[in-house]
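> This structure is in structure tokens; I'll ask about it shortly.
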Amino acid sequence: MARQPGAGRITMLTLPAGNPMTKVVVSFLAFEVVVFGLTIPGMILVSGISVALAVILGCIGMAVSILCALAIPRTWGYLLAWVLQVFGILLGLATPMMYVVGVVFAAIWVSIIVLGRRIDSNPQAR
């Protein structure tokens, strides 16, 4: 079977289906639903963004978080979750507090993936 170009880079961004950290990934994405929901009043009260724009941006984050949590055993679920982390940081354009929150959550996301890859590479850790 021929190996697809770039396949190694994609697998570095995901965890195998049997990895015990997949439960942590799903829990993390569920927590991000709450964070994006709490972003809505933050955007309105702190930055004076219109209610409609704040609700749209917050609901996009919440919907994508739920979609990622449901699709996490699949490769596209992980890739979409990486895009979600970038979206969280870019919400800083709407309200500066999200730069900090987005970077913190992206760092936690990277930590989860790195730890999951370490567990996967060490059979004794299971």
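The values are calculated or read from the model by the stated rules, or taken from the named source; none is laboratory data. These figures come from a predicted structure and were not determined experimentally. For neighbour counting, all protein chains shown are included, and Cβ atoms are generated from backbone atoms with ideal geometry for every residue, glycine included. To get the accessible areas, we keep the full protein, side chains included, count just its heavy atoms, and leave off ligands, DNA and RNA. Shrake-Rupley method; radii C 1.70, N 1.55, O 1.52, S 1.80 Å.
> Scanning for something under 21 Å from TYR78 (Cα atoms), open to solvent by 50 Å² or more (accessible area, probe 1.4 Å) and part of a loop (DSSP other than H, G, I, E, B), does segment 25-47 turn up at least one residue?
Within segment 25-47 (the criterion being under 21 Å from TYR78 (Cα atoms), open to solvent by 50 Å² or more (accessible area, probe 1.4 Å) and part of a loop (DSSP other than H, G, I, E, B)), the answer is no, since none of the residues qualifies.
> Within segment 83-93, how many residues turn out to be open to solvent by 20 Å² or more (accessible area, probe 1.4 Å) and of a type outside the set (Val, Ile, Thr)?
3
> Give all pairs with beta carbons closer than 8 Å in which a residue from segment 32-46 that is touching a residue at least 60 places away in the same chain (Cβ under 8 Å) meets a residue that is not in a helix (DSSP H, G or I); count only pairs at least 6 apart in sequence or on separate chains.
From segment 32-46, the pairs are THR39/THR95.
> Can you name every residue in segment 54-77 that is surrounded by fewer than 21 Cβ atoms within 10 Å (Cβ to Cβ) and hydroxyl-bearing (Ser, Thr, Tyr)?
Result: THR75, single match.
> Which of (1) of a type in the set (A, V, I, L, M); (2) open to solvent by less than 60 Å² (accessible area, probe 1.4 Å); (3) touching a residue at least 40 places away in the same chain (Cβ under 8 Å) does ALA106 not meet, given it meets every other one?
Tallying (1) of a type in the set (A, V, I, L, M); (2) open to solvent by less than 60 Å² (accessible area, probe 1.4 Å); (3) touching a residue at least 40 places away in the same chain (Cβ under 8 Å), ALA106 fails exactly one: (3).
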